[in-house]
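Just below is one structure, and these are the notes that go with it.
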Amino acid sequence: MDLLICVDVGNVNIHTGLFSDGKLIQAFDGLPKLVDLREAKALVYSSVSSRNFKKLSERLFEAQYKGKVLRLSSKTQKFLKVHYKNPFQLGDDRLALAYYIWRRHGKGLGIDAGTFINIEWVNNQTHYPIAIFPGLKILADSFKKGTRLKSYSSIITYELAKGERFLGEKSIRNYSRFFPESSEDCIIKGIVDALKGLVEGAVKLTGEDRVIITGGDGEILRNITNIGEYEKHAVLWGLYYFFQLSESSSNF
């Protein structure tokens, strides 16, 4: 059984997926395990953090890894056109999400809600990067700069994550029907308005009716906007599809 390891090296976290026979057999947070590295035929990764990539490199050295190593980046990929003046500015993880959208659905809008919220559109085998926006933690932490608001920063993400509470017992999805009754409510309303506007604006710009949301805060964003589907492992699958295409093209 051939084992392929896919690693998404993020700004904060590292996510690992194990693939075999076209199936994702295991996914977890953290570096690949030594036992898996010693069995894997290949490893494909994306990286937006040199600090976290160093951890991956050290793990490969520790395992005395002998298999193939392939990075998905603007320099290594040749299957998708990228609508960017300088494609080399594009983050690896954004490409991975674009590959997932393309290979799984053919076209669609992808939203990765992590440290930053990245929005990608894929249409006619072309990747259109749409937006980069601060993630939930960054938005919540920004209120620490307010002398009278900093005490709220630690509870904002928690309140959004619960999803069912907004302005008392009312659903967060119906926020626009009610007036805030506290500073906490006003902060949450501001964040929710911004996030809904971000997603709805991307949908309006592209005219896309298929929206896939992923990332550590993807479920929260899906709950806030009530738009699209949540796919937890979209980036890992994107890495898998890129490797699959690379292997196929190298055989010709």
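The values are calculated or read from the model by the stated rules, or taken from the named source; none is laboratory data. Bear in mind the structure is a predicted one, so any value in this text is a computation, not a measurement. Here the Cβ is made from the backbone with ideal geometry for all residues, glycine too, and neighbour counts use every protein chain on show. Heavy atoms of the whole protein, side chains included, go into the accessibility calculation; ligands, DNA and RNA do not. Shrake-Rupley method; radii C 1.70, N 1.55, O 1.52, S 1.80 Å.
Remarks
- Being open to solvent by 70 Å² or more (accessible area, probe 1.4 Å) and either over 21 Å from Lys137 (Cα atoms) or not in a helix (DSSP H, G or I) (or both) is a property that Gly216 has.
- Selection from the range 237-252 of residues that are at pLDDT 95 or above and either open to solvent by less than 10 Å² (accessible area, probe 1.4 Å) or in a loop (DSSP other than H, G, I, E, B) (or both): Gly238, Leu239, Phe242
- Restricting Lys204, Lys189, Lys196, Lys137 to residues that are modelled with pLDDT of 80 or more, loosely packed, with under 14 Cβ neighbours inside 10 Å and either basic (Lys, Arg) or in contact with a helix residue (DSSP H, G or I) (Cβ under 6 Å, 6 or more places away or on another chain) (or both) narrows the list to Lys204.
- Restricting attention to the range 219-229, the residues that are within 10 Å of Ile111 (Cβ to Cβ), crowded, with 18+ Cβ neighbours inside 10 Å and not small (Gly, Ala, Ser) add up to 3.
- Selection within the range 100-155 - part of a loop (DSSP other than H, G, I, E, B), over 15 Å from the mean Cα position of the chain (by Cα) and of a type in the set (S, T, N, Q): Asn124, Gln125, Thr147
- The one condition in (1) open to solvent by less than 10 Å² (accessible area, probe 1.4 Å); (2) in contact (Cβ under 8 Å) with a residue 24 or more places away in the chain that Leu18 fails to fulfil: (2)
- Apart from one condition, Ser49 fits all of (1) open to solvent by less than 20 Å² (accessible area, probe 1.4 Å); (2) among the small types (Gly, Ala, Ser); (3) farther than 21 Å from Tyr100 by Cβ; the exception is (3).
- Scan of the range 219-233 for residues that are among the aliphatic types (A, V, I, L, M) and outside any loop (DSSP other than H, G, I, E, B), ordered by number: Ile220, Leu221, Ile224
- Residue within the range 92-104 that is farther than 21 Å from Ser20 by Cα and among the aliphatic types (A, V, I, L, M) present: yes
Condition check ((1) touching an Asp or Glu at 6+ places or on another chain (Cβ under 7 Å); (2) free of Cβ contacts under 8 Å to residues at least 60 places away in the same chain; (3) open to solvent by 20 Å² or more (accessible area, probe 1.4 Å); (4) of a type outside the set (A, V, I, L, M)) across all residues:
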| position | (1), (2), (3), (4) |
| --- | --- |
| Asn13 | yes, no, yes, yes |
| Leu70 | no, no, yes, no |
| Leu90 | no, yes, no, no |
| Ala98 | yes, no, no, no |
